[in-house]
Protein chains: 2
Amino acid sequence: MQCIPIAYKLDQKGGFVVNPGEEGVVVRPVFYVSDGTGITAETIGHSLLTQFTGFRFQTDRISFVDDADKARDTADRIRRAGIAAGTRPIVVNSCVDASLSVLLAESGALMLDVFAPFIEPLELELGTPRQNRVGQAHGLVDFETYHRRINAMNFALTHDDGIALEYEEADVILVAVSRAGKTPTCVYLALHYGVRAANYPLTDQDLETDRLPARLRQYRRKLFGLTIDPERLQQIRQERRPNSTYSKLETCKREVAAAEAMFQVERIPTLSTTNKSIEEISSKVLSTLGLQREMF
Amino acid sequence: MQCIPIAYKLDQKGGFVVNPGEEGVVVRPVFYVSDGTGITAETIGHSLLTQFTGFRFQTDRISFVDDADKARDTADRIRRAGIAAGTRPIVVNSCVDASLSVLLAESGALMLDVFAPFIEPLELELGTPRQNRVGQAHGLVDFETYHRRINAMNFALTHDDGIALEYEEADVILVAVSRAGKTPTCVYLALHYGVRAANYPLTDQDLETDRLPARLRQYRRKLFGLTIDPERLQQIRQERRPNSTYSKLETCKREVAAAEAMFQVERIPTLSTTNKSIEEISSKVLSTLGLQREMF
C-alpha cells in the first residue's frame, strides 16, 4: 500500500482538482472523519488499508466535525472528491454522535464506522447504554495525567544521551551506540506511556571491554540494548556527519559488534531497530521489561 | 471511566491475584491483544471504554501474540484473570490472523475484533481479498519514512525554546509563554506527523508590546499561539520552580494577558491548552494551519 496525503485545490470555479496518480493506477480518496482529533479513525483506518496492496489511497483527515453544519460541509467535500477522483471515496468515521454519521453518509462514500460494531455488544455486556461523549479518548484530561506525561517527557529530554544521570528514577535505560534509535524511543515511551526512559550512549571507551560500564551495573534490571544493522547505521550517520570517521562503515561495524558482544555477555535484552518503527521498538521494550502502562 | 493498569501477581500455586477495586465497584479486566504492537487495539479500545462511565476497567496490553502457542497462553491468562476478578473479561483484539482470534476466543471473554467488521465491506469495495500481513501498520518501515520522522524530531529538539532559529525550514512555530505546552506539542507533531515544529518562548521583553517579536514577523503564516489559564500555568510553574517570581499567580496572569493581547492584535490563531490533551492541541494546530500530514 502506498498512502499519500491528499493534495487538491479549489479551482477558480470552486471545483476540486485532485492530483492524479500514476497512469493506470486508480487513486482512491480516503477520509478519516471525527468529531474529535480523528486519531482513533486514522489509526484503525491505516491498519485496515495496509491490508490491501496494489492500491493508492489519498488520505485526508477531517477533525473536529462536531456539529450538523460541519458534517454537511464534510459530506459535500467528500462527495466532490469522489467525483474528481472518478471513484467512490472511503470514509473511516469515528463520530460518537450517530446523527453526524447519518449526515456524513450522504456523501455516498463507503462508510466504515469504527465504533458502531462494538457499542451494542459492550452495552449488552455492561448492562448500560453508552454515553455520547464526544472526543473523550483524546480530549479533556485531568491535570494529574497531563502532568505525568509532561514529567516523563522532560525526564527523557534531560536524560538524553547521558546528559543527566539520575538513573535511580528511570523506569528503563536504553543502551546503544550513537544513532541506533535511543532518543526517539525514549521520547515515544514518555509521551505515550508516561514511562521514564533514560538513555546511555556507549562510548569508544565503554566498547573496549565486553562488560557493562560501571555506572550502569546497579541498574541491570532496567537496561535494554538496542542494536542495528551496521550498513543502516552508516547510512544514518552519513546524513548527520558526512564522510567522518564516525560515519565510516568500518567504525559502525566495530561499534555494533562490540555492543552486541557486551549485551550477550551481560545478558541484556536486545532488539535490532533496523526496519522497525518507533512504535514497534517501544512496544518490545515495554513487553520485554514487563512495564505495564496504559497508553495515553 | 477510570482505567487502571491491571496489577496482578501469580500466587504461590500459580493462581492469579488481581488487585481488588474499591468496595462495591466491580473491576472488569480488559485485554488489548495483538499480533503486532497492540496500538490499534488499545487506541480503539480506549475510545470505546471512555463511552461507558461508572466502571473500573483494569487494562492490560498483550503484544506480539503471533503464533498459536502464544495465543493459547494468552487465552489461558485471560480466562484466569476473569475467574480471579469474578467477571467476564473483555478482549479488544487486533490479530490479523483469524486463526489466532479463534484461539483467543476460547478464553470465554467478550471478543471485540477491531478489523473483522470492516474487512468484508473493504474487500467488496476494492474487489480484492485482504492480505494477512501481521502488524504492518506499526511494523516494518522504509528508511525514508523512518528518517523523515527522526529528522522532524531532531528539528523539534534543536528548535526547542528558541535555541536554534532556522525558522525558514519550520512548518509551524508555536508561540507562547513558558510552560504553556509548546515542547510536548512540538515533539508530538514531529513524532506522529513528521511536521517540523519549532517553538518560540515569549520573553518579558517580547511581552512589553502587543506586536510580534521582530524575528517572527516574516513567518506570520507559520505561527500558532498557545495560551493557558493563568491558575493552571501557576500550578505547572510551581512544580518546576516553587515559590519563585516565575511561578507567582500575578506573573502568570500578566504574561498570559500580554500574550493573548499580542495574538489578538496580530491575528495569530490561538488555542487554550488548559485541560486539553497533547493529541487535541496537535490536531487543532494541524487543522487550523491546514497542514495535511499522514499520521505515522
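The values are calculated or read from the model by the stated rules, or taken from the named source; none is laboratory data. Being a predicted model, the structure only gives us computed values, none of them experimental. With ideal geometry, Cβ positions are generated from the backbone for all residues, glycine too; neighbour counts draw on all protein chains shown.
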**OP:** May I ask you to list the residues in the stretch A:104-116 that are over 25 Å from the mean Cα position of the chain (by Cα) and either over 30 Å from residue A:25 (Cα atoms) or within 7 Å of chain B (Cβ to nearest Cβ) (or both)?
**Re:** A:110
Original post:
Looking at the stretch A:147-171, which of its residues are in contact with a Cys (Cβ under 8 Å, 6 or more places away or on another chain) and not in a loop (DSSP other than H, G, I, E, B)?
Top reply: A:156, A:160
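Can you tell me which residues in the stretch B:99-111 are of a type outside the set (S, T, N, Q) and either touching a residue at least 24 places away in the same chain (Cβ under 8 Å) or assigned to a loop (DSSP other than H, G, I, E, B) (or both)?
B:100, B:103, B:104, B:105, B:106, B:108, B:109
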Subject >> Test result for residue A:294, in contact (Cβ under 8 Å) with a residue 24 or more places away in the chain, among the charged types (D, E, K, R), part of a loop (DSSP other than H, G, I, E, B) and within 14 Å of residue A:189 (Cβ to Cβ) >> reply: yes
Original post:
So which residues in the stretch B:279-291 are outside any helix (DSSP H, G or I) and in contact with a strand residue (DSSP E or B) (Cβ under 8 Å, 6 or more places away or on another chain), if there are any at all?
Top reply: B:291
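Would you pick out the residues in the stretch B:232-284 that are within 14 Å of chain A (Cβ to nearest Cβ) and over 30 Å from residue B:294 (Cβ atoms)?
Listed by number, the residues that qualify are B:232, B:233, B:234, B:235, B:236, B:237, B:238, B:239, B:240, B:241.
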Original post:
Quick one: which of B:140, B:126, B:122, B:157 is at the interface with another protein chain (Cβ under 8 Å from one of its Cβ atoms), at pLDDT 80 or above and within 23 Å of residue A:283 (Cβ to Cβ)?
Top reply: B:157
**OP:** Sort through A:71, A:152, A:75 and tell me the only one that's touching a helix residue (DSSP H, G or I) at 6+ places or on another chain (Cβ under 6 Å) and outside the structural domain of residue A:31 (by TED's automatic domain parsing).
**Re:** A:152
Subject >> Candidate set: the stretch A:78-87, residues that are within 16 Å of residue A:111 (Cα to Cα) and touching a residue at least 60 places away in the same chain (Cβ under 8 Å); chosen: the one surrounded by the fewest Cβ atoms within 10 Å (Cβ to Cβ) >> reply: A:87
Subject >> Members of the stretch A:34-69 found to be more than 8 Å from every other protein chain (Cβ to nearest Cβ), surrounded by fewer than 18 Cβ atoms within 10 Å (Cβ to Cβ) and farther than 19 Å from residue B:50 by Cβ, listed by number >> reply: A:56, A:67, A:68, A:69
